[in-house]
Structure formats: structure tokens, C-alpha cells
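First the structure, in the form of C-alpha cells, and then the observations on it.
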2 protein chains.
Amino acid sequence: MITPRIASGTMELLPREQRIFQRMFDIIRDGFEKFGFTPIETPAFELKDVLLTKSGGETEKQVYFVQSTGGIQQGHEADLALRFDLTVPLARYVAEHERDLAFPFRRYQMQRVYRGERSQRGRWREFYQCDIDVIGKDKLSPAYDAELPAMIVQIFEELKIGDFTIHFSNRKILRGLLSGSGVTDGDKQTLILREIDKLNKIGIAKVKEAIVTLGLSAKAADDLLHLVTHKGTKSDILSSLKALPLTDLVFKQGVEEIASMVASLQALGVSDKRTVLDLSIARGLDYYTGTVYETLIDAHPEFGSVCSGGRYDDLAGHYTKSVLPGVGISIGLTRLFDLLRSSNQLFAPPPAAEVLIAQLDPALDGVYLALATELRAEGLRVETWLEPSKLDKQIKYADKTGVPVVVLIGSDEKAKGSVLVKDMIAKKQTEIPRADVVKKLRDVLGV
Amino acid sequence: MITPRIASGTMELLPREQRIFQRMFDIIRDGFEKFGFTPIETPAFELKDVLLTKSGGETEKQVYFVQSTGGIQQGHEADLALRFDLTVPLARYVAEHERDLAFPFRRYQMQRVYRGERSQRGRWREFYQCDIDVIGKDKLSPAYDAELPAMIVQIFEELKIGDFTIHFSNRKILRGLLSGSGVTDGDKQTLILREIDKLNKIGIAKVKEAIVTLGLSAKAADDLLHLVTHKGTKSDILSSLKALPLTDLVFKQGVEEIASMVASLQALGVSDKRTVLDLSIARGLDYYTGTVYETLIDAHPEFGSVCSGGRYDDLAGHYTKSVLPGVGISIGLTRLFDLLRSSNQLFAPPPAAEVLIAQLDPALDGVYLALATELRAEGLRVETWLEPSKLDKQIKYADKTGVPVVVLIGSDEKAKGSVLVKDMIAKKQTEIPRADVVKKLRDVLGV
């Protein structure tokens, strides 16, 4: 006998929670589709040399390699690896199928990714990413950058996770400011941006110390930190930016892009309170080159960002000479679910079956099955109990699985042409004519 | 530069086909949910010693083992493996969570599984299984066996795969017949059943030879083969079975279960032509102990069964002392999709966006974005073109991606308070008042 158990770092849910997870998944997918994005899926494993194009480092250490029994017996090295994100597979997909795709290519992808993490609370070895990107061929107008946060606002409101705020900025602002302060070297700029990204974690004083060490004058560091920590409305901050005596072109472009984003968010009808222009958002990843996004749940800043992304200049430089700029955003659904669960913020599980037809008499199984078919044709989700058992057991089952209505037909009801409808939530049982059963169930279920 | 390519034996689809696949997936899922089944998901990899409980053989040779970079560096043997089906993870799940589940436990699971197959056309290393099972604690009434084929009929009709037939039988019939012919040893019975399962492949003569070699008399072999190849209506075959002078209890139970199944299929409203009682269906797997199902597409018998399953006595004997009988059925979606594609039987791809709002003038982006938000609030899937481009290019894009309607607003239309609606399918363009746009789009789209 083997003790049944799952590998650590993987999430497995009981039916109630799985249905909540599934509902969240569906809401996200519907939200993506409302904006006309098309789904893609890629294989869970890729050829190792295709997946691991980069110089390695942290990410590569966390890769899971895959090998068949045959391969191991023959002493081969693994040539397959599980994807660790959806960005590399997207890059590979777009480069591979470039001639068959229409640009801008608008895809969403909601699949699991894998990381050989150390086992630790909150670290997942298998987790869902819900990624969405718009990818241009040669160019992609910055006008696309407002669409993604507008979509996330709709999705998160429907997920009922409480108040949340999308923080956005544009990396061109900080890069322009640094150039204006004499730090023109791109790599050094990146190092400074990484420090600024730590503001919430280590505080102003330590960040200042770090960026001065990296070569910024104390005055320039103060000015920079004052600007990025300045709170205000989007138009306030835009005005301060426009008032700065800077001629750097990158900076000016960043300001223009932010102004355009603010206007577009308004045109898209995004409530002003849902977004904030926050120049301290720098995103550690060097990958991003323009707009960047982070999403915080107001009541739980300790969760950190639950939905992040931004604009990049070139998606697939490792795979194709074509230049593929894009903008994307990503929800880590497994992590989000886990955080909401731990703070008791999950909504109630939708029921699997809406109606349970109980078995009062096995001789009437044919009656139950025929009724089930009739109700299903009306669009209801219906389960039939067919195991000879006491009614009490069947009612307990309905209670435990969350079925909101039980229909009962015994030989008496059959003779009278009636049915009993038991509302499990109102705890009320009504006898109605058999002919009214669909109407009655729709009433009770509100569908 | 690395050539972008996927690992062999994995399926990756272009957006058009992915949307067809997704629609098929959704139809299957909706069909499962109509019958009140609850979704579960399990991790893609399991602990090796949990997953590989069986004595090995063919299946074990095809397992993919998983190991992190760290594990490889430390010279550890892999302790994780990718699931090769959804049955072993289901057994592990039910045994692990037994106390938290309500029985009968009705779950569906639609996930990918992995097999380290030799690379070969039609052999997939990664493929979707859509499994559905009803699992009882200690017992499960045979009355449940009719529900699964009834559900499959609804699903397959909605998938529009052409005519199909679910063949069913009950292994107790053949076991009883063999006992009646003096072959009472269970293992020998299994060997004979395996030969009978080959009838369609190798023909009557070879099967007869094989089963006579296995110990059946020539007369008994003839009688048996006559019975299993006898074609007729369900009631004809039932009558012949009932008329047989057999007293074997297993046989009698099998006949009763089939009679009950035939009655239940009728009560469930399943069209008579969709199911056939076919005693030659034995399913090679020893796992099944009662009802067995196979589904054939009438126009393509060469596809073999595209949806199979049956009744088993005990799901999780490796993991728990509890006896968990059940009945299940499975659609191999990746294989089915591939077969339908190869025979040009896929339905048309649903569009990603239903409406493309073209950009005639970048200065009107705000107008386009506001209209998009308005249409999305009406439930439409809407894409906005925001890249300054010629109209011709935008129309070509709509054509290539399959967007059925394009909305055009230039400064003239804006001034007049009108919009142009271009029906891409009827190839017709109409100018209408801006206020009528929702109604017009609903008309054109039929939603």
C-alpha cells in the first residue's frame, strides 16, 4: 500500500475550491476575449536548446528537465525541459509561425508553468500564468498600452477581490531623468532602476545610498527620489514632469506616452481611482522599455503586485531577425488564488449540479432519468441519484456538495402528477404540479 | 540565432485551429457539467513512487521523468514523473481526499497527459484526455452506467462530427459464457477476452484459432463467436442472451445489467440509432469488470474508438483499503481533433473579435476606445485598431483573423453622427446613425 500524496509545491484543490478556481479562470478568460484576444496553447515541454537561449543564471537553475525511461536507460542527457514562463514559449511561437500570423498579434495564454524552486510556503513549483500580449511587426503604437489595464480593471472587479489599484509608469521617464543627470550608460541606468524598484522594501535612505554609490550626485539622487515618491493625481504628476527643464528626447517621449495613456484610460471609461501614475514603479526586469504596470490589492499591500507587465522593444530576438515590439500583462492565478484563500476573500463556490433528483423508489428510475433529460434540455445542470439509499443520506449529499435544489418524486407524487421541490438554501419544501417544475426551478435558482 | 521549433509528438495550433479546439473543449466541458459533474485538476507531475505503483511493463517504459537543475547537479535520481493518464491521478486523489469527498463522487478532468512514445505519426507525447467518472464508496449501482453514453451522445452531436455509434457490452456476459463452457480460471478468461477484442483487426478465423489454443473446445468457440458477431437490435440480442440455457450467476447478472442499461438509455431519451449492443466489445484492459463502451465514427471506422470506458470494481486498491467501484469514460481530445482535421471535418473557427473598430484618423482614437467600451458592455467581443495604417491593411487583417464586422468612423462620420458598418461576410457596407450601432451589430452578428 502506498500513501497517496502530491509533490510539494503543487496546488491541488478539493471540488468546492476547484470550482471557485475554475470560475476565476473563466472570468479572466472572458475578460481577455471581450477585448478580442485569441487563445493559444504551447506544449508544456520544449526542446532544451530552444527554451534555454539566455545566458542562464537564476532562471536556468530552476528549470525542470524531462526525460523518458528509454532516454535514461540509454544514458542520454535530457533534451526536453518544462517551460518556466509563458514569455519564452510565446517568443518561440511567434517566431516559428510568423508568416501565418496577422499583426498586431493579440493572444492570450492561460497555462501552467514549472519552476524547480526550493520547497517553501508561497513558492510554487507548478502554477498557472494568465498572459496576454499585443505584438506588432516592426512597430506597435504606444496607443495599445492603455487597453491592458482597462481590461484588468474589468476582470478584477468581476473577481470581487476588493479594492485594487493599477500602478503604472514609463521607464523612459527615469531613463531620461538619469541621462539628464549625466548617467548616460544604459547598464548603469538599469542598475539604478533596480535600486529604485526596491523603494517599498528598503526605504528612501538605503535607496539613496545605493544610487549615489552607483554614481549619481547627492543632489540628483534627492531630486530623483523626490519625484518618484511624489504622490498626486495623474494630471498633477504629468504637470510636474512637463515643468521639468529637461530636453532629453527619451524623457520627452516618455511624458508624451504617459499623457496619451492617461487620455486613453479615460476614453476607455476606466474609473480614475483604479489607476495611479507611480513613477517609483520600475520593474526589475531589463526586458521592459516603456510603460510598466503593477497591481496592488488595497487591503493587502503585503501581497505585492498580483498582476504586472509592460512594454518591450523586441520579443523574439533569439529566434528571428524580425523586430517584434509588444506590450503584455500577466496574472499569476495560482498565487492570486492562494493569497485570496489565505485572507478569506474567495467568493462562494458555484454549485456543480443545480438540481439533484433524489431516488425515493428505484422502480421509478425511468421517471427520474426522463425528468433529468427534460431539465437538461432547459439548460439546467442536473444530477440523478440512482443508488438505493435512505433519503436522509441523499439530502446530506446535496448539502455537502452544495446542490441548491432537490427534486423528490415518490409513487404518491407520481400518482398525483406532482413533484416535491426542496430548496436547500431557504430550507423549504413545496409540492407543485409536475407541469410547473421547470418554472419553479428557474424561480428558486434565479436562472 | 536558434531555430524556433517544438518537440516532436506535441500539438501546437495556429489561432484559427486553436479556437476550434477551444470550442470543442468547451462543448465537452459544458456537456459534462450539464450532468452535474464537478471539475478537478491534479498536478502534471507526481511523486515517482506514487505514480508508478504497478508492476511496470509497457506503460512504465513510456514514462517521462522530471528533475530540476539542482537535482541533476547533485546526482540524484529523478523522484518526479509526468502523469501518463488521468486514471492513476484520480485514484490517488480520491484515496488522498476520501474523507473530504461526498460519494458517489462525480468528477470530470480535462488535462494533458504525457507519454515517452517513439516519435511516429498519430502518436502523441503530450495530449488532452477528457475523463469523467462516477465513483461509489463500497458500492455503485449499475444504474449509473447509462448516464455516461447519454452524455457522450449529446456532446458528440454538438461537436458535429457526423454520425457515430456507441458500442456497449458487459464483460460479465463473456466471462459467464466462458465459465459455462468450462473455462472458469479468471486469468485464462482474460486471455480469451483479449483475443476476442482483436476480432475487427484479425478476423474470426484467427481469433477462433487463438481461443481454441487457449483451451476452448471448437464447438464452444464457434458458439461464442457466433454470439458475439451476431448483429441485431438491442432487444433481439437481449432475447437471444435470455434464451441461452445458462445458469451461471455472473452471466445472468450481466444480462440483467444490460437490460437495465437499455431501459435507462431509453428513459434518458437517447436516440436508438446512437447505441448498439455489441458483444464483441471486450476492451483489452483487465481493469473493466462490467459495462464497457467504445465509440466509432460511422464514416471513419479506421479511426477506431474515439471515446471508451467502462465499469471497474475498485479504483484505488494501491492507495487505500476502501473499496471504490466506479464507471468512467474518456475522450482523447488531441487525437480526436487530429483525426477530424485530417478528414476535413472540423467546424468553422469561431471569431476571436466579433467587431474590429478601424482607425481612420489617429486623432479619433478616443472615439474608437469609447465605442469599444460601449460595445463590450453589451457583451460583444471588440478589438480596436490603433496603429496608424492604411485602411486596406486593416481590412486585410480583419479578413485574415476572421473578424466578421468592421466599424469605421472618420471625421465626416463623426461630424454627421453616423458610423459605417462593413459586413465582412456579406461584403456589404452600410452607413447608419451612431445611435443604432448596437442594434445593427447584433443584427449582422445574429447575437
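Observations on the structure shown:
- Largest GNM mean-square fluctuation across B:Val270, B:Val419, B:Val327, computed for chain B with C-alpha springs under 10 Å, falls on B:Val419.
- Built amide H within the under 5 Å cut-off of B:Phe164, gap 5+: B:Asp298
- Cross-link reach is defined here as a Cα-Cα straight distance under 16 Å, omitting same-chain residues fewer than 8 places apart; for A:Lys201 none of the lysines meet it.
- Antiparallel bridges, percent of DSSP beta bridges restricted to chain B (to nearest 5): 80
- Semi-axis lengths, largest first, of the ellipsoid equivalent to the protein assembly as shown are 55, 32, 27 Å, with √(5λ) applied to each eigenvalue of the Cα gyration tensor.
- Size descriptor, Kirkwood hydrodynamic radius, that averages inverse alpha-carbon separations across chain A, Å: 25.7
- Alpha-carbon centroid distance for the pair region B:14-51 / region B:242-317, whole angstrom: 25
- Of all stretches in chain A that contain no trypsin sites (Lys or Arg not before Pro) in a DSSP loop with at most 15 other Cβ atoms within 10 Å, the longest one is A:232-320.
- Degrees, to the nearest 10: A:171-180 long Cα axis against longest axis of chain A: 10
- With contacts taken as Cα pairs under 8 Å at a separation of at least 6 residues, chain A carries a relative contact order of 16 percent.
- Evaluating 6.51 cos²θ - 1.76 cosθ + 1.60 at θ = phi - 60° for every residue in region A:425-438, the Karplus couplings come out as 8, 6, 6, 9, 10, 10, 9, 9, x, 3, 5, 9, 5, 5 Hz, glycine and proline recorded as x.
- Unsatisfied cross-links (Cα-Cα over 27 Å) in the set B:Lys172/B:Lys206; A:Lys160/B:Lys422; A:Lys400/B:Lys252; B:Lys390/B:Lys416; B:Lys137/B:Lys234: A:Lys160/B:Lys422; A:Lys400/B:Lys252; B:Lys137/B:Lys234
- The other copies place their A:Ser8 label points at 3.9 nm from this one, listed shortest first, where each point is 7 Å from Cα along Cα→Cβ.
- 14 Å beta-carbon shell around B:Leu391, net charge (K/R +1, D/E -1): -2
- Shielding of peptide B:264-270 by partners, expressed as the average count of other chain Cβ atoms within 10 Å per residue Cβ, is 5.
- Taking amide H as placed 1.01 Å from N in the peptide plane, the amide H of A:Gly290 sits under 5 Å from that of A:Arg171, A:Arg311, each at least 5 places away or on another chain.
- DSSP-defined antiparallel bridges as percent of all bridges, region A:355-445, nearest 5: 60
- Across the copies of the chain, B:Gly70 has label points (7 Å from Cα along Cα→Cβ) spaced 3.2 nm apart, shortest distance listed first.
- Note, ³J(HN,Hα) from phi for region A:83-100, Karplus 6.51, -1.76, 1.60, rounded to Hz, x at Gly and Pro: 4, 9, 7, 9, 7, 5, x, 5, 4, 4, 4, 5, 5, 5, 10, 3, 6, 9
- Per-residue average of Cβ from other chains inside 10 Å of B:16-22: 3
- The angle between the Cα long axis of helix A:204-213 and the main principal axis of chain A comes to about 40°, on a 0 to 90 degree scale.
- The helix-based estimate of mean residue ellipticity at 222 nm for chain B, built from -39,500 (n - 2.57) per DSSP H run of four or more residues and divided by its residue count, is -12000 deg cm²/dmol to the nearest 500.
- Whole-Hz couplings from phi, Karplus 6.51/-1.76/1.60, listed for region A:109-114; x for Gly and Pro: 8, 10, 9, 7, 10, 9
- Copies compared at B:Asp361 - label distances in nm, ascending, label defined 7 Å from Cα in the Cβ direction: 7.6
- Amide hydrogen proximity for A:Thr384: with H placed 1.01 Å from N in the peptide plane, the residues at 5 or more positions away or on another chain lying under 5 Å are A:Ile357.
- Distance from the C-alpha centroid of region B:75-119 to that of region B:426-447: 49 Å, rounded to the whole angstrom.
- Partner shielding of A:373-386 amounts to 5, given as the average count of beta-carbon atoms from other chains within 10 Å of each residue beta-carbon.
- Rg over Rh, two decimals, region A:355-445 (C-alpha only, Kirkwood Rh): 0.91
Read-outs: derived from the displayed coordinates by stated rules, not from any lab. Computed from a predicted structure; not experimentally measured. We place every Cβ from the backbone using ideal geometry, glycine too, and count neighbours over all the protein chains shown.
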